[in-house]
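Notes for the one structure printed next.
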């Protein structure tokens, strides 16, 4: 097999972590990490140490998303360097601890890959979340996973938006990978969702093993949905919601939303239409945790990302 | 409006006060928004019926959690309603007594004639009416809602508990039932579920007006699911789950479970099967029941017969 002319040489992925319970009520990750902490045989691969880890144990204990503040928004440079110790909000302290254990973010000692397991109440199916369109390792991994899962669907969401991107727990690693599987209510464990997430991770770890053993991955393209805009619920002057996601839009994640299509429905049955300039692909439609973040759904645009060939250095 | 001739019927006093409660569990969003909308838009008096909309657990609603200290919908037994309240009492215990003063007192002449409490479940139960003892008013309203919503299967669930032990909010009214609608995740407001519940509440109000105006409602039979027992998840010694509801049971509330049918799938791939009597599962994989050690409830189908009723003329 011939080498590719522009094959990127990347270092072996030796340190991998799987985070469950970044949000304490997203049960697939909590259950998988508990399972693998008791018996990690399934996640062992040659040449790599894979560590299952409960990111927010206090929130897991209370079966709530967070205790003081959202851990998955807490990994900002300000938070990671904030003094104050015990006076800091729990999740800021926890972020600093995670950064010490799995980072420091941006340093050569940081973990190679962190898989962060999430559930959503939205009908998103299996989604991989990418934070950089230039992470060729992640792009190749996601291409591998998508092909391994086919014909079952596994879509890629790219959040590189300068204003809408956020500082995730996985971002301390060199290659952060978000896994988002839904729909699943908070606090509920659904067997099909649990098993789907398990399969995604199996393929992801297989990819890492193949890469570490020297396999060359040829250039490829990856279809992705790039986050474009956050759309909030219509609200009154007191901030109360005055309309619901329209029945025609509810559960239609990833389906085209055209200008003029129904978007919200008021409590007395009137339709509010989408007024954008072109077709978008909405996702995170009616996610429970986003009511307080002023988000009914996000719009995305379809894009084809290009990954160069990669090979272990 | 009244399709039936005057016939032999049981005459009952008029039902002139109606309370609709929501947010008894603060993250069950249909009731929260239905009550807010009714407070804004519904006339306090619709014909012969005066309507009160009550947000039952405002603190839990603010926090978007089921409860703050303890489950409000378990606080309405006679014993808890009369227990002394101190500074260290759980919030919901004192709130239950406040609601009992406002809408009851439970068991007294002053209690609201009909109390309907709106709930959501993460289980795939569709639209259900839940009630305690067999009450002709409730059975008639159930039959009426069924007839007005023919494309929507509406189920009736009976919990065979004496009223003094009845622990939930609707037991405060002279007549009462809960409307349970799902599946809907906690903290989420779905338009289809909201519209379905709003319609059921509107039909309830319409029935009350027709009843008070002198219509006779023909008796008959309804099929209800009577609670028998509940089943917990398989757990390890630490009390952690070792299995999830089996994919063949998940979302199949009210479909008959026969011995040998799968109920759980363990994390190591084994199937756990149903044993014993053929029964109907409901509240399958309800989020709030994990801490109550309930994976699902089991019920038998019972047929209830009820007479024609009409309002007593003074």
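No value in this document is a laboratory result; all are computed from the given coordinates. Since the model is a prediction, treat every value here as computed from it, not as a measurement. Neighbour counts run over all protein chains shown; Cβ positions are idealised from the backbone, glycine included.
Pairs of Cα atoms under 8 Å, at least six residues apart: use those to get the relative contact order of the range B:232-292, whole percent.
Details: 95 pairs, mean separation 18.5, N = 61.
Reported relative contact order: 30 percent.
Taken residue by residue and averaged, Cβ atoms of other chains lying within 10 Å of the Cβ of B:213-224 number 0. Summarising the label geometry, the points placed 7 Å from Cα in the beta-carbon direction at residue B:62 and residue B:9 lie 4.6 nm from one another.
Could you check what % of the DSSP bridge pairs in the protein assembly as shown are antiparallel, to the nearest 5? Roughly 55 percent of the beta bridges in the protein assembly as shown run antiparallel, per DSSP. Averaged over the residues of A:245-252, the number of partner chain Cβ atoms lying within 10 Å of the residue Cβ comes to 3.
Take each residue in A:189-197, count the other chain C-beta atoms within 10 Å of its C-beta, and the mean is 5. With the simple model of a label 7 Å out from the Cα in the direction of the Cβ, residue A:44 to residue A:161 spans 4.4 nm.
Each of A:209, B:180 has some number of other Cβ atoms within 10 Å of its Cβ, and from fewest to most they run A:209, B:180. The order of the peptides A:295-304, A:214-223 by mean Cβ neighbours within 10 Å, most packed first, is A:295-304, A:214-223.
Relative to the longest principal axis of the Cα atoms of chain B, the long axis of helix B:136-148 makes an angle of roughly 80 degrees. What angle, in degrees between 0 and 90 and rounded to the nearest 10, separates the Cα long axis of helix A:90-102 from the longest principal axis of the Cα atoms of chain A? That helix lies at roughly 20 degrees to the long axis. Structural descriptor for chain B: relative contact order 21 percent, calculated from alpha carbon pairs under 8 angstrom and at least 6 residues apart. For chain A, the antiparallel share of DSSP beta bridges with both residues in that region comes to about 55%. Entry note, chain A: relative contact order of 22 percent, from Cα contacts under 8 Å with a spacing of 6+ residues.
Quick check on the range A:106-148: take the gyration tensor over C-alpha atoms, sort the square-rooted eigenvalues as a ≥ b ≥ c, and tell me if it's rounded (a/c under 1.5), prolate or oblate. In terms of gyration-tensor shape, oblate. Once the Cα-Cα distance is subtracted from the 0.36 nm per residue extended length, the residue A:132 to residue A:61 segment shows a gain of 22.3 nm. Annotation: peptides A:235-248, B:275-288, ranked by per-residue average of other Cβ atoms within 10 Å with the highest first, follow the order B:275-288, A:235-248.
With each label modelled as a point 7 angstrom along the Cα→C-beta vector, the residue A:311-residue B:48 pair spans 8.8 nm. For chain B, the longest principal axis of the alpha carbon atoms and the long axis of helix B:191-212 meet at an angle near 30°. For the pair residue B:85 and residue B:16, a Förster radius of 22 Å applied to the C-beta separation gives a FRET efficiency near 0.10, rounded to the nearest 0.05.
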